[in-house]
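To keep things clear, I will list the structure first and then write my remarks on it.
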Amino acid sequence: MNKIRVLIAEDSATVRGRLAEILRNNPAFEIVGEAEDGKRAIDLCARTRPDVITMDMMMPQMSGLAATEYIMAHCPTPILVVSASINRGELFKIYEALAAGAVDVLEKPTGLEAGGAWEQRFIAAVKRVARIRVITHPRARLAALSTQEAISEKPLRTATFMQRGYRVVAIGASTGGPSAVLQVLRALPAGFRLPILLVLHISEPFGAAFADWLDGQTDRPVSHARNGMPLAEVAGRVVVAPGTHHLVVRDRRLWLTHDAERHSCRPSVDVLFESVATEYGPESIACLLTGMGRDGALGLLKIRQSGGFTIAQDEMTSVVYGMPREAVSLGAAMEVLPLGEIGTRLGALQRAPAEARA
């Protein structure tokens with residue numbers, strides 16, 4: 001069996017040495033290079049063509065974010081971000097890296113973990129990321145809005161719902177989700193007024209500021225869900241499930257629960273979708289985007305069975321065609337669309353819901 005060829009990018013010699021030691025002690029891996037800064041990581045990536053890169057964010061000369069953007073545009077390689085960054089500014093850099101094409105993120109060891117626990121998580125993460133197919137990911141595609149667009153007025157924070165047609169959109173995503181969600185939101189028409197409920201799998205503590213980051217990347221207001229929030233207050237906005245609670249809809253309000261994990265996930269896409277199916281049925285739209293595993297597939301099926309409109313991202317544009325594939329195999333998706341068409345389709349559904357159903 002061929003070994004997984006790994007490039008380590010980390011400015012701390014101590015941390016770099018520990019990562020290298022963990023991998024060298026496992027026969028599944030071969031280290032093809034070690035880089036102390038982003039520029040060196042780019043050079044080694046071009047020369048050695050690794051199967052996977054572990055990437056620190058905070059490095060001298062060239063940051064991990066800049067290196068990720070360059071590598072994904074010119075030498076696409078699966079990247080696992082390994083970071084200790086937990087303050088707001090550094091978390092934003094991690095989200096930028098994920099939007100630029102990095103596959104996943106793992107926190108650095110703190111030294112307080114039980115013996116061997118972090119090492120096992122690290123090995124599993126490197127193996128998982130190495131299996132993922134990545135494509136050329138020009139950063140220009142996901143560049144920030146132009147100055148004129150960025151300062152345009154955001155939609156009003158509250159509005160009345162449409163008198164008929166669809167009333168809510170639910171979106172679920174996992175691996176590759178930050179980039180996919182951003183592309184969908186940016187493709188929505190300016191007049192899109194339906195509330196959007198979002199569950200994204202992103203490990204803590206890295207999910208803490210995701211809603212704030214997403215709010216700055218699109219002209220659509222984004223915030224974390226509040227317990228008891230009336231859905232009528234969410235028109236034209238995006239509400240994100242916090243990283244430690246399920247998000248459910250009940251009695252036309254949003255609720256946060258700490259119920260058991262579903263598919264090892266909390267928040268779970270299935271939990272959100274099932275509550276939307278129960279509460280809104282034929283007045284709901286749901287999209288299941290790129291992600292590993294099967295979370296969201298059964299929930300999407302329940303929304304379709306309740307009369308709602310369901311969309312799954314297609315295989316070609318998915319970073320990981322896991323969750324959408326499960327939904328398609330169950331017959332849960334009314335439409336299977338490339339990522340670039342989903343936002344436009346949502347806009348059309350809002351304008352002509354009766355026609356769309358026909």
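The values are calculated or read from the model by the stated rules, or taken from the named source; none is laboratory data. The shown structure was predicted, so the numbers you read here are calculated from the model rather than taken from an experiment. Heads up, the Cβs are rebuilt from the backbone with ideal geometry, glycines too, and the neighbour counts pull from every protein chain shown.
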- By residue number, the members of segment 41-64 that are more than 10 Å from Asp11 (Cβ to Cβ), of a type outside the set (Ser, Thr, Tyr) and surrounded by fewer than 19 Cβ atoms within 10 Å (Cβ to Cβ) are Asp43, Ala46, Arg47, Arg49, Met62
- Would you point out which residue out of Gln305, Gln313 is assigned by TED's automatic domain parsing to the domain that holds Ala211 and crowded, with 24+ Cβ neighbours inside 10 Å? Gln313
- Query: Failed condition for Asn2, given (1) over 23 Å from Ile202 (Cβ atoms); (2) touching a residue at least 12 places away in the same chain (Cβ under 8 Å), with all others met?
  - Reply: (2)
- Item | First in segment 174-203 and farther than 22 Å from Val129 by Cα, second anywhere and among the aromatic types (Phe, Trp, Tyr), Cβ under 9 Å, 6 or more apart | Arg193/Phe161; Leu194/Phe161; Leu194/Tyr166; Pro195/Phe161
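Rundown of residues vs (1) of a type in the set (A, V, I, L, M); (2) modelled with pLDDT of 90 or more; (3) closer than 16 Å to Gly172 by Cβ; (4) assigned by TED's automatic domain parsing to the domain that holds Leu300, yes/no style:
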site	(1), (2), (3), (4)
Pro189	no, yes, no, yes
Leu198	yes, yes, yes, yes
Glu204	no, no, no, yes
Ala208	yes, no, no, yes
Asp212	no, yes, no, yes
Gln217	no, yes, no, yes
Pro221	no, yes, no, yes
Ala225	yes, yes, yes, yes
Gly228	no, yes, no, yes
- Quickly run through segment 267-283 and pick out the residues that are touching a His at 6+ places or on another chain (Cβ under 6 Å) and in a helix (DSSP H, G or I). Val271
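Quick grid of which residues meet (1) in contact with a helix residue (DSSP H, G or I) (Cβ under 9 Å, 6 or more places away or on another chain); (2) within 15 Å of Gln305 (Cα to Cα); (3) acidic (Asp, Glu); (4) in the same structural domain as Gly165 (by TED's automatic domain parsing):
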{"position": "Val240", "(1), (2), (3), (4)": "yes, no, no, yes"}
{"position": "Leu247", "(1), (2), (3), (4)": "yes, no, no, yes"}
{"position": "Ser268", "(1), (2), (3), (4)": "yes, no, no, yes"}
{"position": "Val276", "(1), (2), (3), (4)": "yes, yes, no, yes"}
{"position": "Glu283", "(1), (2), (3), (4)": "yes, yes, yes, yes"}
- Message: So the check is Cβ under 6 Å with 6+ separation or different chains; which pairs have a first residue in segment 97-114 that's within 14 Å of Ile53 (Cα to Cα) and a second one that's among the aromatic types (Phe, Trp, Tyr) and modelled with pLDDT under 90?
- Response: Val105/Phe206
- Query: Considering segment 171-196 alone, what residues qualify as being over 19 Å from Glu96 (Cβ atoms) and either out of contact with any helix residue (DSSP H, G or I) (no Cβ under 6 Å at 6 or more places or on another chain) or not in a strand (DSSP E or B) (or both)?
  - Reply: Ile171, Ala187, Leu188, Pro189, Ala190, Gly191, Phe192, Arg193, Leu194, Pro195, Ile196
- Query: Among Ala100, Ala125, Ala117, which is the only one that is of a type in the set (A, V, I, L, M, F, W, C) and closer than 15 Å to Pro178 by Cα?
  - Reply: Ala100
- Query: When the residues of segment 17-37 are filtered to those that are without any contact (Cβ under 8 Å) to a residue 60 or more places away in the chain and in contact with a strand residue (DSSP E or B) (Cβ under 7 Å, 6 or more places away or on another chain), which remaining residue is surrounded by the most Cβ atoms within 10 Å (Cβ to Cβ)?
  - Reply: Ala35
- Would it be correct to say that Met292 is at pLDDT below 95 and either over 22 Å from Arg226 (Cβ atoms) or not small (Gly, Ala, Ser) (or both)? yes
